[in-house]
Structure formats: C-alpha cells, structure tokens
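A.B. asks: First the structure, which I've put down as structure tokens, then a few questions once you've had a look.
The values are calculated or read from the model by the stated rules, or taken from the named source; none is laboratory data. Every value quoted in this text rests on a predicted model; they were computed, and no experiment measured them. Here Cβ is always computed from backbone atoms with ideal geometry, including for glycine, and neighbour counts include all displayed protein chains.
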Amino acid sequence: MTDRAVSSVVGVTLLVAIGVLLGVVVGSLALGFDDQLTDPTPRIVLDVTTYSADGSGNGD
C-alpha cells in the first residue's frame, strides 16, 4: 500500500485551504476599513452672547 503519499496530499490541501482562508479574512478586513479611513465631518457649536468691555452685564 502507498498510504504515505496520501499524507502529503492532505497536508498540502490543508496548507492551501488555510492560506486561502487567511487571504479572505485579511482582504475582507482591508476592504471593510475603507469606509472608516475618511476624515469625519467637522462639527462646530457657536454660542454668541453680548460682551461689554467695561464688564457691565457680563456673567451673573
């Protein structure tokens, strides 16, 4: 019997399957982060109040 040759075929098949699986995972992660790499839209909150230079009416 030549069962020893089957062992190397199974090993190569598993090695190729693991390589393809890792490639798919890394590729999907790389393509999934594409949307997150853009800069967020800046947000500004502006509160306008009246300021008097002499200090009258500034604050409570």
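A.B. asks: Which residues, taken from the range 24-37, are at pLDDT 75 or above and loosely packed, with under 10 Cβ neighbours inside 10 Å? Walk me through it before giving the result.
C.D. replies: Taking the range 24-37 first, the residues at pLDDT 75 or above are 24-32.
Once the filter is applied, which keeps residues that are at pLDDT 75 or above and loosely packed, with under 10 Cβ neighbours inside 10 Å, the range 24-37 yields L29, A30, L31, G32.
A.B. asks: If you don't mind, another one. For I44, all conditions in the list (1) modelled with pLDDT under 90; (2) surrounded by 10 or more Cβ atoms within 10 Å (Cβ to Cβ) hold save one; what is the number of the exception?
C.D. replies: (2)
A.B. asks: If the requirement is being outside any loop (DSSP other than H, G, I, E, B) and either at pLDDT 85 or above or hydroxyl-bearing (S, T, Y) (or both), which of these qualifies: V6, V20? It would help to see each step written out before you state the result.
C.D. replies: On the way: V6 fails: either at pLDDT 85 or above or hydroxyl-bearing (S, T, Y) (or both).
Exactly one residue qualifies, and that residue is V20.
A.B. asks: Something else now. Looking at N58 and the list (1) surrounded by 10 or more Cβ atoms within 10 Å (Cβ to Cβ); (2) part of a helix (DSSP H, G or I); (3) modelled with pLDDT under 90, which single condition is not satisfied?
C.D. replies: N58 satisfies every listed condition except (2).
A.B. asks: Given the structure, is L14 of a type in the set (A, V, I, L, M), at pLDDT 80 or above and surrounded by 10 or more Cβ atoms within 10 Å (Cβ to Cβ)?
C.D. replies: Values: of a type in the set (A, V, I, L, M): yes; at pLDDT 80 or above: yes; surrounded by 10 or more Cβ atoms within 10 Å (Cβ to Cβ): yes.
Yes; evaluated as a whole, the condition is true for this residue.
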